[in-house]
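Have a look at the structure below, then the notes.
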Amino acid sequence: MIPYGKQKIDKNDINEIVKASKEAFLTTGPKSEKFQNEIRKYTKAKYAAVCNSGTSALYLAFISINLKPGDVVIMPAINFIASFNICKLFKAKIYLTDIDPINGIITPSHLKAVIKKNNLKKIKAVITMHMGGKVENIGEFFKLKKKFKFKIIEDSCHAFGSKYVYKNKLYNVGCAKHSDISTFSFHPIKTITTGEGGAITTNDTNLFQKIKLFKSHGIIRSKQNKHWEYDIKTAGLNFRLSDLNCALGLSQLKKIDSFLRERKNIAKFYEREFKKLNLNITFPLVNKVQSAWHLYIINYNFKNLKSKNNFFKHLKKNNIIAQFHYIPIYRLSIGKNFKKLPGCEKYYKNSVSLPIFVGLKKRQQLVIINTIKNYLQKIN
């Protein structure tokens with residue numbers, strides 16, 4: 001069976017976890033502190049905090065901007081449900097935007113359309129989402145942020161290791177130069193993994209202090225080396241990431257460049273092979289700006305087939321697990337009060353995530369490509 005994604009764990013990773021298990025601190029110890037520092041250095045952000053999931057990172061982001069009931073938050077209708085769920089729990093006023101029907105990414109024009117249509121004057125936050133690791137329109141979003149005075153929270157859970165260009169300069173996703181906060185996930189199928197885990201980066205001192213407090217019960221320790229003295233000035237929860245998880249993260253981070261190269265090479269091979277076929281498939285082009293290639297999303301007009309489900313079933317029958325990212329939020333029971341959006345509908349009906357992960361062999365890719373080719377040629 002070829003999954004659409006999986007982790008790559010080697011002996012060095014396992015040895016680091018075992019070593020960490022023998023340390024005095026299994027949580028809030030030196031490994032977690034070091035991992036935070038390495039994330040900060042890698043992204044080139046001023047501050048970084050690690051936490052126990054990408055969802056927790058998003059929760060911390062909303063806590064840090066003091067999201068309140070009735071505050072306006074705008075987000076793409078194509079995204080993992082975490083941001084939407086959190087905003088629902090905060091009783092924020094949510095507006096869903098349409099997306100580019102090919103790559104599934106929110107664009108500035110979609111954001112402006114929602115603002116204009118709803119005559120929004122006061123916006124608390126806009127969620128941008130780097131689908132599959134691709135980063136686009138950073139400059140335009142940054143201009144809109146300055147114009148409308150909202151916070152930008154980058155849902156970068158697909159994009160650890162991605163880069164983008166702004167004014168002819170290359171930046172790391174997570175540097176927070178053109179956003180307020182970036183959030184990351186270290187789920188097993190992401191660029192690097194900590195098992196479960198996440199991180200949040202920012203350049204704003206006030207936001208970071210709120211994040212740091214909330215993720216550990218709001219506890220403030222004495223600065224006079226009296227470990228038994230502490231104070232709690234604000235409510236918080238336990239969103240910490242253990243030193244065992246951080247040991248794995250540190251080991252994985254050492255290999256990130258090779259992981260990114262391999263993912264890019266897999267994407268290049270798909271591109272080269274799909275170009276040889278005449279199947280009317282739209283596939284993501286490998287360009288000069290670095291994507292983390294968390295996903296490899298193709299598009300095909302499935303209306304000519306019996307159903308997209310049959311395509312998924314055919315792949316599964318041939319031991320290939322494809323996936324879809326994501327069902328539009330308004331198609332879920334929790335989002336039933338929102339209207340359908342044309343770009344999202346087209347994306348939902350036509351796009352498929354093919355397997356891409358470190359360790360995927362060319363012979364496996366050829367099996368995937370040939371299985372798709374044979375099916376589409378047979379149906380057409």
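State all residues of region 231-280 that are of a type in the set (Lys, Arg) and either under 17 Å from residue 360 (Cα atoms) or open to solvent by less than 70 Å² (accessible area, probe 1.4 Å) (or both); if no residue qualifies, say none. Reasoning before the result, please.
The first filter runs over region 231-280 and keeps only residues of a type in the set (Lys, Arg), leaving 233, 240, 254-255, 261, 263-264, 268, 272, 275-276.
Residues satisfying the conditions are 240, 255, 261, 263, 264, 268, 272.
In region 42-58, which residues are in a loop (DSSP other than H, G, I, E, B) and within 21 Å of residue 163 (Cβ to Cβ)? Hits for region 42-58 are 44, 45, 46. Scanning region 324-337 for residues that are crowded, with 17+ Cβ neighbours inside 10 Å and either farther than 21 Å from residue 311 by Cα or touching a Phe, Trp or Tyr at 6+ places or on another chain (Cβ under 7 Å) (or both) yields 326, 328, 329, 330, 335.
Please go through region 1-41 and pick out each residue that is assigned to a helix (DSSP H, G or I), open to solvent by less than 90 Å² (accessible area, probe 1.4 Å) and touching a helix residue (DSSP H, G or I) at 6+ places or on another chain (Cβ under 7 Å). Result: 13, 16, 17, 20, 21, 31, 32, 35, 38.
For region 288-300, check the following and say yes or no: at least one residue is at pLDDT 95 or above, open to solvent by 20 Å² or more (accessible area, probe 1.4 Å) and over 24 Å from residue 97 (Cα atoms). Within region 288-300 (the criterion being at pLDDT 95 or above, open to solvent by 20 Å² or more (accessible area, probe 1.4 Å) and over 24 Å from residue 97 (Cα atoms)), the answer is no, since none of the residues qualifies. Scanning region 189-202 for residues that are out of contact with any Asp or Glu (no Cβ under 8 Å at 6 or more places or on another chain) and not aliphatic (A, V, I, L, M) yields 190, 191, 193, 194, 195, 196, 197, 198, 201. A single member of 54, 29 is in contact with a Cys (Cβ under 9 Å, 6 or more places away or on another chain) and within 24 Å of residue 358 (Cα to Cα), and it is 54. The single condition among (1) touching a Ser or Thr at 6+ places or on another chain (Cβ under 6 Å); (2) over 29 Å from residue 132 (Cα atoms) that residue 216 does not meet is (1).
Being crowded, with 18+ Cβ neighbours inside 10 Å, outside any loop (DSSP other than H, G, I, E, B) and among the aromatic types (Phe, Trp, Tyr) is the filter here; which residues of region 132-181 pass it? Residues satisfying the conditions are 141, 164, 171. Of the numbered criteria (1) touching a residue at least 12 places away in the same chain (Cβ under 8 Å); (2) polar (S, T, N, Q); (3) on the phi > 0 side of the Ramachandran plot, the one residue 119 fails is (1). Filtering region 171-211 to residues that are farther than 19 Å from residue 154 by Cβ and touching a residue at least 12 places away in the same chain (Cβ under 8 Å) leaves 188, 189, 193, 194, 195, 196. Filtering region 59-116 to residues that are among the hydroxyl-bearing types (Ser, Thr, Tyr) and either open to solvent by less than 50 Å² (accessible area, probe 1.4 Å) or part of a loop (DSSP other than H, G, I, E, B) (or both) leaves 64, 83, 95, 97, 107. Sub-7 Å Cβ pairs linking a first residue in region 237-264 that is under 15 Å from residue 160 (Cα atoms) and in contact (Cβ under 8 Å) with a residue 40 or more places away in the chain to a second residue that is among the charged types (D, E, K, R) and part of a helix (DSSP H, G or I), at least 6 apart or interchain, are 250/16; 250/31; 250/34; 250/38; 252/13; 253/38, ordered by first then second residue. The set of residues in region 225-242 that are charged (D, E, K, R) and at pLDDT 90 or above comprises 231, 240. Taken together, the residues in region 1-28 that are under 30 Å from residue 367 (Cα atoms) and among the hydroxyl-bearing types (Ser, Thr, Tyr) amount to 1. If the condition is being without any contact (Cβ under 8 Å) to a residue 24 or more places away in the chain and not β-branched (Val, Ile, Thr), then region 273-300 contributes 275, 276, 278, 280, 283, 285, 287, 288. Taken over region 42-58, the criterion of being open to solvent by less than 20 Å² (accessible area, probe 1.4 Å) and among the basic types (Lys, Arg) is satisfied by no residue.
The values are calculated or read from the model by the stated rules, or taken from the named source; none is laboratory data. Model, not experiment: these values are computed from the prediction. Backbone-built Cβ (ideal geometry, glycine too); neighbour counts: all protein chains shown. The accessibility values were calculated without ligands, DNA or RNA, using every heavy atom of the protein model including side chains. Shrake-Rupley method; radii C 1.70, N 1.55, O 1.52, S 1.80 Å.
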